[in-house]
Each structure stands twice: as C-alpha cells, then as structure tokens.
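A.B. asks: What follows is a structure written as structure tokens; I'll ask about it next.
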Amino acid sequence: MDARRLKDSLDSVARHGDEVPLFFYSDLFIKHPEVRDLFPISMKAQREHLIGALAQIVAQFDRVDELAVFLKGLGRDHRKFGTAAEHYDAVGDSLLATLAHFAGDTWTPELANAWSDAYSMVADAMRQAAKEDEATSPASWRGIVVSCERKAYDISVLQVRPDPRLDFVPGQSVAIESPQRPRLWRYYSIANAPRDDGTLDFHVRLIDGGAVSMALTYGQVVGGSLRLGPPVGVLTLDARSPRDILMVAGSTGLAPMKAIIEHLARLQVSPHVHLFFCARTADGLYDLPSLEKMSAEHHWLTVVPATSADRRFRGESGSAPDVVMRAGNWSGHDAYLAGPTEMVRETSARLTAAGTPGDQIHVEDFGWSER
Amino acid sequence: MTASWQEDRKRLTPDDVQAVTFRLSRLGRRGLDEEHVRSFLRDVERELVALLNEKVSLWNEVERLRRRIIKGMKHGDEVLFGREDAHVHAVRILSNAQLTADRYVADAQAYSHRLTEEARTRRDEILNEAQQHAELVLAEATSQASQAAIASLNAPAAPQMEASRSALKAEIAYLRTFGEVYRTHLRAYTEGMLRSIEEWERNEAGAIEQASAGASDLLDLRRP
C-alpha cells in the first residue's frame, strides 16, 4: 500500500475545505437517497469529521496493527447508526467520485486503483468487525426511562432500563439518542456498577444550546424510550494495580467515578480512594449527599467537595487542579480524571509535572468518536 | 442554415419566383423569350437540388444526435449535454439545500443557547439578591437582639424600681415577639422567592420546549 501517495493526494484534495465533504455527501445522497435517513438533519458535524477521519486512517496505513484495532472499533460503532454491509460500497463509490472530482487532471487510473484498494481494505475490516459483533450483541438497545430526577438547576439524573440487558465495565459510557433529536448521538457515562435489574443511571448536565442534553433534561417522560449504543470507553478500573486511587471529578464527570466506587464497594478489599468532587458553585455539587453516605459506609473512601466560585461555600475552594495539588503528593496513586476537557487536561498536566507517571493517569478517550 | 442563405447571395428566393417577368420574344415571333425562361428553370432546378441535399444532411444530423442521446442514457457518458455536468449540477443544488438546512439548525441552536444562557444569568441574579436580602434582615435582627440584651444588662438594678423592671420585662417580651415576627417574615419572603424561582423555571422550561419544538417544525426539511 503506497501510504505516501494516498496521503499526498488527500492533502491536495483537502485544500478545497468544506467543499470536499459537501460534494461527497451530496453525491452519496443523490446516488443512494435511502442512505440520507441514516444521518441527522444538519450535516455540519459529519462534514467536519470526514476529512479528519480519512486522514487518520491514511496516516495509519503503515502501522497496520493499530489501524486494525481502530477499524474494528469503527465498524462495531457504526452498527448503531443502521449501517448495512451494502452501504460500504455506496460510500466507496462516492468517495472515489469525490476524490476524482477535486483531483482534476492529477487523477490517474493508477491513483484511482490505489484508493480503491485502500478503501476495500478499510471497508472489509469494518464489515468484518460489524459481522463478528452481530453474533454477540444488538446494534443498539432500547432504553426505557424508569425515572428522571432533577438534582440541580441544570443537572438531571436519568434512570434507564435497557432492553435487552446491556453488559458493561464500570466507568464505561454509551451513546444515547433521543427520539426528539433523531440521528444525534451523545456519549454519557454510566453512573453505577452493574445491577441485578440491569438499570443504568446517567448524569445529564443541560448544556446551553445543547440539542441532546435539552431533549434528555426536559423532554423525558417516565416510560418513554431512548436508544443506546454499545458500551465504549477506557476510563475503567486497573484492577491489577496495588496502588491507592485519586479521583478528580468535575461536575457530571462524577458519573464514571461513582460507577467505579460502587464496584470497589463489592470487593472484599478496596484500595483507599480519595475523591475530589469539584464544581463552580455549591449548587453544582448535585450528588454530595449520596457521596457522603457512601463515605460514611466505607472507611476507605474520602470525599472532598470543592467549589471554584462560591464565597458562601464552607469547604475547599479553588480550581480543581489547585485544590488537588495542594492536598498532597499523588505520585504513588492511580489517578482517574473526568469532567470538563480543560479541567482534565490541566489536572493531568499538573499531576505529570509533580511526578505521577503517565500510565497511572486514566482519562476517557473514545478514539474514533467525538463527545 | 441561416448563415448559408446569407453567404450565398445568388440563391433563388420565393420572392424571385413571384416577381419574375419574362421578356417578350424578338419582333416577328410570338411569346416569351425562350432563353430567359430556360435559364430561370435552370435556377429553379439548382435550388431544388440544393434544398433536397440540405434536407438530407439535416436529417442525418438529427439522427446522429438522437442516437447519441439514447446511447448516453444507456451508458452514462459521451452525451451531447453532458450527463457528468448534470450530475455535478445536481450535487451543487443538493449541497446548497443542505447548507441552508444546516443554517436553520445552527440558528435554532444559537437561539436556544441565548435563551438558556439568559435564564441562567437571571436565575443567578435573583438568587443572589434573595440571599443578600436575607443576610441583611438577619444581621438587623441580630443587632436589635444584642442591643436589647445590652440594654437589659446595663439597666440600673435598683430593687426599689419595680416599675422599671416590669417595663424592661415588657420590653424583652416585645423584642422576643418582634424577633419571631421578623423570622416569620423572613421565612415567608424566602419561601415566596423560592416559589417564584420555581414558577419561573417551569415557565422557562415550557418556553424552551416550545421554542425547540417550533425550531424542529421549521426544520422539517429532512429531505432537502
């Protein structure tokens, strides 16, 4: 596979910017109108990701092992969108038509063959992964809303019962689609360890102008149904580690931490867990009562609430990384971080600078998907 | 064909046939000038041949174009009007429609963003105001109570002044009642404030729901 050549040709085509994905999707929808239904009304986000995803795949052509893992995840993940085997050929056709259109005179039969071979390889890997996944799990789950509880002005806890049962590892997430916002999927961490009745808790923060969070906060009725994707994510417990645990949760970043703590509570012996629960104001510490109850029940759990902009709050105050760093030395701990991107990045950088090895710092990474 | 009419000035026109007047024959013979009539007939014959040839070549051209279009419909290329061009044109039309739909969604989202952001700010303001007011009322009550306590301590403890003692007792009783009334007021005020916040949150939620429902109606452009 001539990765260099594909990369060069993609780079030169990519110079046309948004025109390229715009042409690609329009070409696809004209030739295969039925495919349009698999996509949301606004295609802006899709277009923004197309070239990046292609570039990422092309860049990995010389690291076949990594690429195989990536494509396997991608193929499995695409099942929930309703992607069928024949769609891959349609996409391949339109991809080649698009590249040919923008490459102009530089498009040669040899280049066309190189792209065609590369695409076949990618599509085969994805189709294969999807097929293998079909044997063990559905493309998506129906989730019945069991309860929806408003915990703060802008935070709700949604309890959902998936049908059929959805098995996951504490700390993982699933993508959720609301019937009010068809084809828009957003990832939410599962906020509990697996239960006998199979229900899942999700902590939903209302984002200003956020299409899905608004539908989930205001649009839910008990008994209503959602669609859930397969469990994904790497923010899971490193069970082989003998070290104590530092957890830093910003706002609803608490969800995966709670799932892991519930899991630890079922073990005979748990490492010590130091959880920092951080929000802007005391109002945002929406789940503090239940955390305090847990810490009263489990001697190995210490909960430190902190706010960054609340003069009336009587606990720790300051930004999450500031509060964490002045509380002690964490270089001997496993650190689990979740919350706003900026908070996670800053805390991770400060921990690293203070001597916590990189492989002891756990943050979420969905790899191929946006959050 | 118009071009060839203009180029060939010598061509015979219907007007020419209409307008022709033959010369009379020379003196002593009757009728028209035979030579003139023959020459005119030669012109008519030449014109007829030219017209027939043109007709055949036009017919051939029509047939050729017709075949090309039919072939193009079957194979998708080498079409007179360019099937490729038509496809690119269609792609462009669909792309523009998609961009319009994207703008509608983006506008609706921006609107909902503004709404919730303003609601959040207003809520924070009201809460802050309520809290400040509560603190003020509390501080005032505390200071009144401590003044009363100090006054009762400093009051001359003259046992003979039974009247002033009972007056002091009345004063304390008054202050106690006053404190209770103040606390009740404070509670009522805070609860009222909370109720109005809740009410307002409910309204806001309704408005947002309506706005987004309205937006999705607007956006029912799923197939641009």
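A.B. asks: To the nearest 500 deg cm²/dmol, what mean residue ellipticity at 222 nm is calculated for the protein assembly as shown from DSSP H runs of n ≥ 4 alone, each contributing -39,500 (n - 2.57), summed and divided by the residues?
C.D. replies: For the protein assembly as shown, the value works out to -19500 deg cm²/dmol.
A.B. asks: Quote the total accessible area buried by chains B and A together, excluding ligands, DNA and RNA, probe 1.4 Å, nearest 100 Å².
C.D. replies: Numbers: alone 18910 and 18130 Å², together 34090 Å².
Separately minus together, B and A give about 2900 Å² buried.
A.B. asks: Restricting to DSSP loop positions (anything but H, G, I, E, B) with no more than 11 other Cβ atoms inside 10 Å of their own Cβ, which trypsin sites (Lys or Arg not before Pro) remain in the range A:225-321? Write down the numbers at each step before the final one.
C.D. replies: Details: sites: A:227, A:240, A:243, A:258, A:266, A:280, A:293, A:311, A:312, A:314; in loops: A:240, A:243, A:266, A:280, A:311, A:312, A:314.
Filter output for the range A:225-321: A:240, A:266, A:311, A:312, A:314.
A.B. asks: While we're here: Give me the inter-chain shielding for B:90-102: mean count of other chain Cβ atoms within 10 Å, whole number please.
C.D. replies: Per-residue shielding by partner chains comes out at 6.
A.B. asks: Using the alpha carbons of the range A:141-228, what is the convex hull volume per residue in cubic angstrom, as a whole number?
C.D. replies: Values: hull volume 7.4 nm³, N = 88.
Each residue corresponds to 84 Å³ of Cα convex hull volume.
A.B. asks: Please report, in whole Å, how far the alpha carbons of the range A:1-90 spread along each principal axis, starting with the longest.
C.D. replies: Over the range A:1-90, Cα extents along the principal axes are 35, 31, 21 Å.
A.B. asks: Kindly provide the pair-distance distribution of the range A:53-162 built from C-alpha pairs, with 5 Å bins from 0 and whole-percent values in order of increasing distance.
C.D. replies: The distribution over the range A:53-162 is 2, 10, 16, 16, 14, 11, 9, 8, 7, 4, 2, 1, 0, given as percents.
A.B. asks: So if I place +1 on the C-beta of Lys and Arg and -1 on the C-beta of Asp and Glu, and nothing else carries charge, what would the dipole magnitude of the range A:245-369 be about its Cα centre? I want it in debye, nearest 20.
C.D. replies: Magnitude of the dipole: close to 300 debye.
A.B. asks: Taking the DSSP beta bridges in the range A:118-192 as the whole, what percent of them are antiparallel, to the nearest 5?
C.D. replies: 100
A.B. asks: A further question on this structure: Which residue, A:26, A:289, A:217, has the largest displacement toward the positive end of the dipole of the protein assembly as shown when charges sit on each Cβ (Lys, Arg +1; Asp, Glu -1)?
C.D. replies: A:26
A.B. asks: For Cα pairs less than 8 Å apart in space and 6+ apart in sequence, what is the mean separation divided by the residue count of the range B:13-148, i.e. the relative contact order in percent? If you can, show how the numbers build up before the last one.
C.D. replies: Working: 32 pairs, mean separation 9.1, N = 136.
Taking the mean separation of contacting Cα pairs over the length of the range B:13-148, I get 7 percent.
A.B. asks: Along the three principal axes, how long is chain A when you take its alpha carbons, biggest first, rounded to the nearest angstrom?
C.D. replies: 70, 49, 41
A.B. asks: For chain A, what is the relative contact order in percent, using Cα pairs closer than 8 Å and at least 6 residues apart in sequence?
C.D. replies: So the answer I get is 13 percent.
A.B. asks: Another question, then. Top mean-square fluctuation among A:289, A:179, A:256, Gaussian network model of chain A, C-alpha springs under 10 Å?
C.D. replies: For chain A, modelled as a Gaussian network with Cα springs under 10 Å, the answer is A:289.
A.B. asks: Now for a different question. Using a 10 angstrom cutoff on alpha carbons, build the Gaussian network for chain A and name the most mobile of A:59, A:112, A:45.
C.D. replies: Top of the fluctuation ranking is A:45.
A.B. asks: Let me ask something else. On a straight-distance basis, which lysines could pair with residue A:258 in a cross-link, Cα separation under 18 angstrom, same-chain partners fewer than 8 positions away excluded?
C.D. replies: Candidates past the 8-residue exclusion: A:151, A:293.
A.B. asks: Indicate, rounded to the nearest 5 percent, the antiparallel portion of the DSSP beta bridges found entirely in the protein assembly as shown.
C.D. replies: That works out to approximately 55 percent antiparallel.
A.B. asks: Under 10 Å from the Cβ of residue A:44, count the other residues' Cβ atoms, weight Lys and Arg +1, Asp and Glu -1, and hand me the total. Numbers along the way, then the final one.
C.D. replies: Values: positive: A:47, B:103; negative: A:18, A:48, B:102.
Overall, the nearby charge balance is -1.
A.B. asks: Here is a follow-up. Out of the range A:117-191, which chymotrypsin sites (Phe, Trp or Tyr not before Pro) are coil in DSSP terms and have no more than 11 other C-beta atoms within 10 Å?
C.D. replies: Answer by residue number: there is no such site.
A.B. asks: I've got another one for you. Quick check: convex hull of the Cα atoms in the range A:7-53, volume per residue, rounded to a whole Å³? The partial results should precede the final answer.
C.D. replies: Working: hull volume 3.6 nm³, N = 47.
Taking the convex hull of the Cα positions in the range A:7-53, it is 77 Å³ per residue.
The values are calculated or read from the model by the stated rules, or taken from the named source; none is laboratory data. Worth saying up front: this structure is predicted, and the values here are computed from it rather than measured. Every residue, glycine among them, receives a Cβ derived from its backbone with ideal geometry; neighbour counts consider all protein chains shown. The accessibility values were calculated without ligands, DNA or RNA, using every heavy atom of the protein model including side chains. Shrake-Rupley method; radii C 1.70, N 1.55, O 1.52, S 1.80 Å.
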